[in-house]
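So the structure is just underneath, and the comments pick up after that.
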Number of protein chains: 2
Amino acid sequence: MSEVVTKASLAKETTGILASLTTGQKNEALLIMAAALRREASAIIAANLEDLERGRLAGTPESMLDRLALDVSRIDAISEGLQQIAVLPDPIGDTLETIERPNGLSIEKIRVPLGVIGIIYEARPNVTVDAAGLCLKTGNAVVLRGGSSALSSNRKIVEVLHNALAETAIPAAALQLIEDPNRSSVDEMLKLNGLLDVIIPRGGSSLIQNVVLNATVPVIETGAGICHTYLDAGSDPEMAERISLNAKAQRPSVCNSMETLLVHRDYAAEHMLSLAEAFRRVNVELRGCPETIALIPWAVPVTAEDYATEYNDYILNIRIVGGLDEALRHIAEFSTKHSECIVTENAEHAARFLQEVDAAAVYHNASTRFTDGFEFGFGAEIGISTQKLHARGPMGLPALTSCKYKIRGNGQIRG
Amino acid sequence: MSEVVTKASLAKETTGILASLTTGQKNEALLIMAAALRREASAIIAANLEDLERGRLAGTPESMLDRLALDVSRIDAISEGLQQIAVLPDPIGDTLETIERPNGLSIEKIRVPLGVIGIIYEARPNVTVDAAGLCLKTGNAVVLRGGSSALSSNRKIVEVLHNALAETAIPAAALQLIEDPNRSSVDEMLKLNGLLDVIIPRGGSSLIQNVVLNATVPVIETGAGICHTYLDAGSDPEMAERISLNAKAQRPSVCNSMETLLVHRDYAAEHMLSLAEAFRRVNVELRGCPETIALIPWAVPVTAEDYATEYNDYILNIRIVGGLDEALRHIAEFSTKHSECIVTENAEHAARFLQEVDAAAVYHNASTRFTDGFEFGFGAEIGISTQKLHARGPMGLPALTSCKYKIRGNGQIRG
């Protein structure tokens, strides 16, 4: 048996025990895991240095090395993440619905774990701990496949967590790390129906598309965000500028940041230049439609391909539109259905936008940057679903659960 | 553009209108569709005769021709199904959650349609109407691909429904039938990400497996049922026999019927022979483990392959077990996680079985045949999900919905 099948099988064998654990047992385990990470920080940092050195020799860009790097304060933050998961309410065992049938059958719908969750991600060792914590809190076993350039770090982290779990009610085998660095181990996970109940990809769009297009195991698609903000005629210019700047430039590398600004022609005539200057002050490159370029001398021409690109960078497309309908059509064409915003003082336009835009999160007068499990008050986030099945938008703990029906009778048969 | 892409695109264009329809508009349309089917019954029956004749010439078995055949009373029943969907509560627009954040953001989670649903099914013209009614009631567009041997019937039914829709607020293009009888049209639907939001296969296990293994569009897996009943020591023999016979023989062709009976050794010693005689009276062939064969002279030996087979027929596997743990192990190994039952007077055993068996529906002292949307009181059923994502067990109208977050602010930005 391959490493993937062996480890997924071991994980699956623990699902019965995991589903029956009390909330207290799971929370205690999370705290023991958190303490172990802090205690073993220097060993983890030593392993991380191996990854960083290998990365430097391979010419990995600094920005990627930064995501990979661990130090004491980062390990503290990761450890605190586990403590935060421990205090969240446990959804498992909740009764979602009770149905009493005329024939006397009593039907109870209760929340149960999904089973075994596969997580495929990049070279970010924090995801190793975060995903493990979220899955175990919800009674799921987890098979992790992180980027191979973080392998030393992940191996050490999982070793520390396995040792910690040995002191808890959670079987260590519930947490599995695939160490095979070859792409074939990912391919194998994608087809592991019967052993994995779901795969959640976390990372850039090529990683996610590979999973979506090749998995036969059910997938929760996360992350891709081509987000728009529409500035309506008569918007409050101070609010419009504040929201636009925040949506684009507060953290351009994330999925809920804005890629394209749609501006009503009347608003543009009066405010486009000052808005463009504000973007210039924070070093955002502007790509505009012909009308935009006529108003902003330093903007370069935008292409249809630009409209369909998630830059995750200090680049913004600007298009001037004739009104709400044109804005809605642009969004329907280019949106990845992640987060979309209208800035307007017109209540009817706001209502239409919130109703008609098909996206996980639709905003009136607030930055798209709020699409986030913590900002929504979920206390944790396994990712942001951009599909419509199972979960949509920021996914908290309930997104990692399924349900089952318990039916109690006294001899009923079907007539 | 191929027929599939053309029709799916037309369907997708209607999703905005569909999502905004009132419940009254949708219900009125369903009633107009129902009336049209009754009015055009003779034309539909004439088209159905073409399918039946083609089927007879091709040597199609009688049982399949029976599923395909329509007459006035069947069309009446199909039409009544639409009327029943019309009176069900409309889940669209329901507020599922409201969150007020400390920063003043008001977050509302509301139910919305999935978008465009693809249904792939066999030669059962009733599914054409049923699936159309359920999808339209929930504001979804639908692309139907039925078995090619029902093509004349489906074409006429959809023509009747299109004419009916022309009098309603629902655009006729929201209902699309793929007429290309080649397998390639199914393959094309499976990869139609961006145009189809979900595919629901309805039919036998080879149809379902083809969809699950080849679709890149998200799938809701339905139907496969290797269901078990475990007769515990000390069961009420009258109840045990009644439930076992019902689970196997009331309608063996359906997914919630029993394939394997697990019997406690003590119960078997006393009651196996009379139970076996009861099965013989209703013509159920028995395949048994060696201990079973020692008790039932006419039983034939069961194989491991038999335990893994969904017969959908008058055949039953019987295995004698030493107790609850052995029964649970057998179920964990062979169950398709559809419906599982324990017959017992022991409350602790019942509780353990309901907790530990991983299946959509777990029963204590009632027949597995109750796993059904109508029997659960949902008033409709699009299928029975045997996966854990999105929906599990019988799927009523809410299983055909997604959600979105509407967020209202007054200028909030992220710090």
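The values are calculated or read from the model by the stated rules, or taken from the named source; none is laboratory data. Keep in mind that this is a model prediction, so the values were computed, not measured. When we count neighbours, we look across all protein chains shown, and the Cβ atoms used for this are built from the backbone with ideal geometry, even at glycine. We work out accessible area using only protein heavy atoms, side chains counted, and drop any ligands, DNA or RNA first. Shrake-Rupley method; radii C 1.70, N 1.55, O 1.52, S 1.80 Å.
Answer yes or no: is there a residue in region B:378-389 that is assigned to a strand (DSSP E or B) and within 8 Å of chain A (Cβ to nearest Cβ). Within region B:378-389 (the criterion being assigned to a strand (DSSP E or B) and within 8 Å of chain A (Cβ to nearest Cβ)), the answer is no, since none of the residues qualifies. Looking at region A:195-217, is at least one residue among the acidic types (Asp, Glu) and either facing chain B (nearest Cβ under 9 Å) or more than 30 Å from A:SER402 (Cβ to Cβ) (or both)? Checked region A:195-217: at least one residue is among the acidic types (Asp, Glu) and either facing chain B (nearest Cβ under 9 Å) or more than 30 Å from A:SER402 (Cβ to Cβ) (or both). Of everything listed in (1) farther than 16 Å from B:GLY24 by Cα; (2) not in a helix (DSSP H, G or I), the single unmet condition for B:THR168 is (1). The number of residues in region B:185-213 being open to solvent by less than 40 Å² (accessible area, probe 1.4 Å) and assigned to a helix (DSSP H, G or I) comes to 9. Taking region A:247-261 as the range and being part of a strand (DSSP E or B) and among the aliphatic types (A, V, I, L, M) as the test, the residues that pass are A:MET258, A:LEU261. Taking the stated definitions as given, is B:VAL343 closer than 17 Å to A:GLY16 by Cα, open to solvent by less than 10 Å² (accessible area, probe 1.4 Å) and at the interface with another protein chain (Cβ under 10 Å from one of its Cβ atoms)? Taking the combined requirement at face value, the residue does not satisfy it.
Scanning region A:346-370 for residues that are aliphatic (A, V, I, L, M) and open to solvent by 10 Å² or more (accessible area, probe 1.4 Å) yields a count of 2. A:GLY373 passes every criterion in (1) open to solvent by less than 10 Å² (accessible area, probe 1.4 Å); (2) in a loop (DSSP other than H, G, I, E, B); (3) away from every other protein chain (no Cβ under 12 Å) apart from (3).
Here A:ILE331 meets the list (1) open to solvent by less than 10 Å² (accessible area, probe 1.4 Å); (2) closer than 21 Å to A:VAL219 by Cβ; (3) within 12 Å of another protein chain (Cβ to nearest Cβ) almost entirely, failing just condition (2). Is it the case, given these coordinates, that A:ALA247 is crowded, with 22+ Cβ neighbours inside 10 Å and more than 30 Å from B:VAL212 (Cα to Cα)? Considered against the rule, which asks whether it is crowded, with 22+ Cβ neighbours inside 10 Å and more than 30 Å from B:VAL212 (Cα to Cα), A:ALA247 comes out as yes. Being aliphatic (A, V, I, L, M) and within 15 Å of A:ASP313 (Cα to Cα) is the filter here, so list the residues in region A:279-303 that pass it. Of everything in region A:279-303, those that are aliphatic (A, V, I, L, M) and within 15 Å of A:ASP313 (Cα to Cα) turn out to be A:VAL282, A:VAL284, A:LEU286.
Look through B:GLU122, B:GLU108 and report the one residue that is surrounded by 14 or more Cβ atoms within 10 Å (Cβ to Cβ), in contact with a strand residue (DSSP E or B) (Cβ under 9 Å, 6 or more places away or on another chain) and more than 30 Å from B:ALA215 (Cβ to Cβ).
After ruling out the rest, the residue left standing is B:GLU108.
Taken over region A:262-276, the criterion of being open to solvent by less than 70 Å² (accessible area, probe 1.4 Å) and part of a helix (DSSP H, G or I) is satisfied by A:TYR267, A:ALA268, A:HIS271, A:MET272, A:SER274, A:LEU275, A:ALA276. Quick check, is B:LEU70 more than 26 Å from B:CYS135 (Cβ to Cβ), open to solvent by less than 30 Å² (accessible area, probe 1.4 Å) and not hydroxyl-bearing (Ser, Thr, Tyr)? For B:LEU70, the condition - more than 26 Å from B:CYS135 (Cβ to Cβ), open to solvent by less than 30 Å² (accessible area, probe 1.4 Å) and not hydroxyl-bearing (Ser, Thr, Tyr) - is not met.
Across region A:281-320, the qualifying residues are those that are of a type in the set (Phe, Trp, Tyr) and open to solvent by less than 50 Å² (accessible area, probe 1.4 Å), and the one among them that is nearest to A:PHE334 (Cα to Cα) is A:TYR307. Here A:VAL357, A:VAL362 are screened, and the one residue that is facing another protein chain (nearest Cβ under 7 Å) and touching a residue at least 12 places away in the same chain (Cβ under 8 Å) is A:VAL362.
Once region B:97-151 is narrowed to residues that are assigned to a strand (DSSP E or B) and free of Cβ contacts under 8 Å to residues at least 40 places away in the same chain, the residue that is farthest from B:ALA46 (Cα to Cα) is B:GLU100.
When B:GLU62 is tested against the conditions (1) open to solvent by 60 Å² or more (accessible area, probe 1.4 Å); (2) at pLDDT 95 or above, the lone failure is (2).
Against the test of being under 20 Å from B:VAL158 (Cα atoms) and under 26 Å from the mean Cα position of the chain (by Cα), the options B:ILE110, B:ILE117, B:ILE92 yield a single qualifying residue, B:ILE117.
Can you confirm whether region A:392-413 contains a residue that is more than 23 Å from the chain's Cα centre (by Cα), of a type in the set (A, V, I, L, M, F, W, C) and either closer than 30 Å to B:SER244 by Cβ or more than 8 Å from chain B (Cβ to nearest Cβ) (or both)? Give the steps one after another, and end with the answer.
Keep residues of region A:392-413 that are more than 23 Å from the chain's Cα centre (by Cα), which gives A:404-413.
Filter once more, keeping what is of a type in the set (A, V, I, L, M, F, W, C): A:407, A:413.
Going one step further and asking which of them are either closer than 30 Å to B:SER244 by Cβ or more than 8 Å from chain B (Cβ to nearest Cβ) (or both), we end up with A:407, A:413.
Yes: one or more hits.
The number of residues in region B:73-105 that are touching a Lys or Arg at 6+ places or on another chain (Cβ under 8 Å), open to solvent by 60 Å² or more (accessible area, probe 1.4 Å) and of a type in the set (S, T, N, Q) comes to 2.
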